[in-house]
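Notes follow once the structure below has been shown.
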């Protein structure tokens, strides 16, 4: 159930209205902000993998289809925290095809050559319904909107690992992406609107790295890489109904591109202990932002994902691995990072002020991963700990800051070989059932069980 940390003079939680904080500032609270979404997903996934170790050839193909995928939400104007009345439903099943193949040639002189390709096709359709009861997905009244879209990505890549001499190895790679948006359609309240005729992008992503072996225990490296990141389909094609504040599709949304620079060192402290440190910088262009659009009266008419700003992120990462004996090992990974963004003025939106080099409070400054692992012939058990520091982000409409909690969770996983080719898998996420806020209240402890068979 929703909860509020804001209290009135009598100590009762406040869910709606204007309140005065301890330092005299006034903030506005809307009941709708306390409601999340009622979601359900049932997906079938099929995959097949081929691995020829003798000839260094691997291939895989997969198919996934949603049987049920959707969420419901309460309307914007709700003022009752126990609201059980009308709402909105997004029913958005998707389908995904993927094919991947890689081939390596070793010891071609001083070279090891890797060549591969990847194909992915994804499509979605969304139906929006009015509901008589927002928690009941079967209480449909009428369908008022539908939208659909399709994307394809074909990639070819090659990498050359070149041993220049006994101390220096060069890694040079190039990836080519052809990304296509299919026709997208949007229909609302009886009016049909074709939102996209399809666009195509061609991107070359180079990679270059040098590894220097100072001695038997120490390596230094420097690298540069370019990456190409298309937006998820819901940002391009999906319409958000009244419960989401009229988010309209943006079929013209371009992919983000990033350049990553890294320098680091890896050292073997002993036969059982390894240490690493690296410094990195990531520069992203055409970063996607969730944007509010207003009319002349200052009323929000719609929202949309747009290519807006640029981000520069930098950080340092430490890594430590230790093997106690043939069965027990442990690891520790810590990163400190900061981000800064820059953007221009877009009149008539909440991006109405230019800024340059402003701190990005959505980037957590501290990230920690550590754990301990036990292995024997049949059993593999992992206890994993994760810490993420708090993040602050301005509310898009008011500019007031809201926090996402820092959290520390413990996860565990188990793999047990029942037979030569059969493995039982079991895992628990958030073992201690910690409750924290991350845009919405988190789900708590979850379990996963699986059976893996290798032909």
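The values are calculated or read from the model by the stated rules, or taken from the named source; none is laboratory data. Just so we're clear, the structure is a prediction, and the values are computed from it rather than from any experiment. Note that each Cβ is placed from the backbone with ideal geometry, even for glycine, and that neighbours are counted across all protein chains shown.
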*Quick one: count up the residues across the range 203-259 that are touching a strand residue (DSSP E or B) at 6+ places or on another chain (Cβ under 7 Å) and more than 24 Å from residue 144 (Cα to Cα).*
34
*Give 339, 315 a once-over and let me know the one that is crowded, with 16+ Cβ neighbours inside 10 Å, free of Cβ contacts under 8 Å to residues at least 40 places away in the same chain, under 30 Å from residue 237 (Cα atoms) and touching a strand residue (DSSP E or B) at 6+ places or on another chain (Cβ under 6 Å).*
339
_residue 163 being under 21 Å from residue 59 (Cβ atoms), at pLDDT 95 or above and surrounded by 14 or more Cβ atoms within 10 Å (Cβ to Cβ)_ = no
*asked:* Restricting to the range 1-46, name every residue that is in a strand (DSSP E or B) and within 23 Å of the chain's Cα centre (by Cα).
replied: 38, 39, 40, 41, 42, 43, 44, 45, 46
*For residue 406, which of the numbered conditions (1) at pLDDT 90 or above; (2) touching a strand residue (DSSP E or B) at 6+ places or on another chain (Cβ under 8 Å) fails to hold?*
(1)
*asked:* Please go through (1) within 23 Å of residue 409 (Cβ to Cβ); (2) over 19 Å from the mean Cα position of the chain (by Cα) for residue 377 and return the number of the only condition it doesn't satisfy.
replied: (1)
*Sort through 324, 275 and tell me the only one that's buried (at least 16 other Cβ atoms within 10 Å of the Cβ) and more than 23 Å from the chain's Cα centre (by Cα).*
275
_Take residues that are touching a residue at least 60 places away in the same chain (Cβ under 8 Å) and either out of contact with any helix residue (DSSP H, G or I) (no Cβ under 6 Å at 6 or more places or on another chain) or farther than 29 Å from residue 227 by Cβ (or both) and tell me which of the strands (runs of 3 or more DSSP E) falling wholly in the range 47-160 contain 2 or more._
57-73, 87-91, 111-131
